[in-house]
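The values are calculated or read from the model by the stated rules, or taken from the named source; none is laboratory data. Since the structure is predicted, the reported quantities are computational estimates derived from the model, not experimental observations. Methodologically, a virtual Cβ is constructed for each residue, glycine included, from the backbone with ideal geometry; neighbour enumeration extends over all protein chains shown.
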Amino acid sequence: MNQDIQKSIDRLRSGDPRALARAISTVENRSAGWSDLLKALFPHTGKARVIGLTGAPGSGKSTLVDRLAKHYRKENQTVGIIAVDPTSPYTGGAILGDRIRMQDHYSDPGIFIRSMATRGSLGGLARATADAATVLDASGRDLVMIETVGVGQDEVDIVRLADVTIVILVPGMGDDVQTIKAGIMEIADIFVINKCDREGAERVEREVRAMQSLATRNDCWTPPIVKTVASEGVGTEKLAEAITDYEAYLKKENLVFKKNVENWQERLVEMLRDAMLEKARARMDGGSLERYAAEIAEHKRDPYSLVEEIVRGAERN
């Protein structure tokens, strides 16, 4: 192994926050040595619990993550937080910077917070979020919390990465029934109705329970509904208990390994897709892509044959 990589790993494993930050930047930016770094870190992973939180913009995800982090720190658990933000069209960086909302934790070495830009990725996660979670896991964090970007109702990628997926709803944000029909509702291991002091919280709860009565999950788990007012810290302990209950259920039913296998199946497909895409892109410079696009726009060739041609070329290489 490269000595520089080994030194970085040793510092990261010893709790050096700068080494951790550099490692995450390396994998996020796909800098030189990123793949070797992840290969070396992977044997040290598998111990952290990964909790994903998703929901619509304004549902209070950041505040809830902040409260949960405080709760787990009181239990002397170390926490890593990945806050995935929309991408700035000008700089390519994270546009909201959820770390601003979690400033109370800056002086606490037991909490590491990282904002990540989506950089055009769909599904609520940045492309390198899984790799950043791997780095945090290898660094010895007890818990990794991932807050998705909050772009809408299709943020289902988090279910492939998290051990526990929390879907946050709030009353009074449009057509509640329509929201419940969305695919995001199907991934919840726990539902949170945040800002439950608002009018309409009971209606949201009734509609979620009605939805649950219509279908049974494959693992036979019925996601609990936890009411919170994150801005005041109300309901945080109940949410932590619900997380513990779900983890205990998975262990009792011997579903932990099965869930890990299912998650890795999905992630392997994603990784293969990315690798093949990079291989294909490497064969085309900007000029080739523009020329191909012009030929298709002028109907001089069809895109389907072109894609097959590019794939064959990538396979030969």
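Annotation note: of ARG114, ARG119, the sole residue that is touching a strand residue (DSSP E or B) at 6+ places or on another chain (Cβ under 9 Å), closer than 21 Å to PRO17 by Cα and either modelled with pLDDT of 80 or more or part of a loop (DSSP other than H, G, I, E, B) (or both) is ARG114.
Against the criterion of being part of a strand (DSSP E or B) and either assigned by TED's automatic domain parsing to the domain that holds ILE82 or modelled with pLDDT of 90 or more (or both), ILE166 qualifies. Using the structure shown, decide if LYS279 is under 23 Å from the mean Cα position of the chain (by Cα) and charged (D, E, K, R). Answer is no for this residue.
Residue-by-condition table, conditions (1) out of contact with any strand residue (DSSP E or B) (no Cβ under 8 Å at 6 or more places or on another chain); (2) outside the structural domain of GLU186 (by TED's automatic domain parsing); (3) surrounded by 12 or more Cβ atoms within 10 Å (Cβ to Cβ):
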| site | (1), (2), (3) |
| --- | --- |
| GLU205 | no, no, yes |
| GLN212 | yes, no, yes |
| ALA242 | no, no, yes |
| MET271 | yes, yes, yes |
| MET284 | yes, yes, yes |
| ALA293 | yes, yes, yes |
| GLU308 | yes, yes, no |
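Looking only at residues in region 1-38 that are exposed (fewer than 12 other Cβ atoms within 10 Å of the Cβ) and of a type in the set (Lys, Arg), which one is nearest to ALA128 (Cα to Cα)? Among those residues, the one meeting the criterion is ARG18. Take region 39-76 and flag every residue that is small (Gly, Ala, Ser), surrounded by fewer than 16 Cβ atoms within 10 Å (Cβ to Cβ) and within 19 Å of ASP137 (Cα to Cα). GLY46 - this is the single residue of region 39-76 that is small (Gly, Ala, Ser), surrounded by fewer than 16 Cβ atoms within 10 Å (Cβ to Cβ) and within 19 Å of ASP137 (Cα to Cα). In region 252-262 there is at least one residue matching the filter, namely being in contact with a Gly (Cβ under 9 Å, 6 or more places away or on another chain) and either of a type outside the set (Val, Ile, Thr) or in a helix (DSSP H, G or I) (or both).
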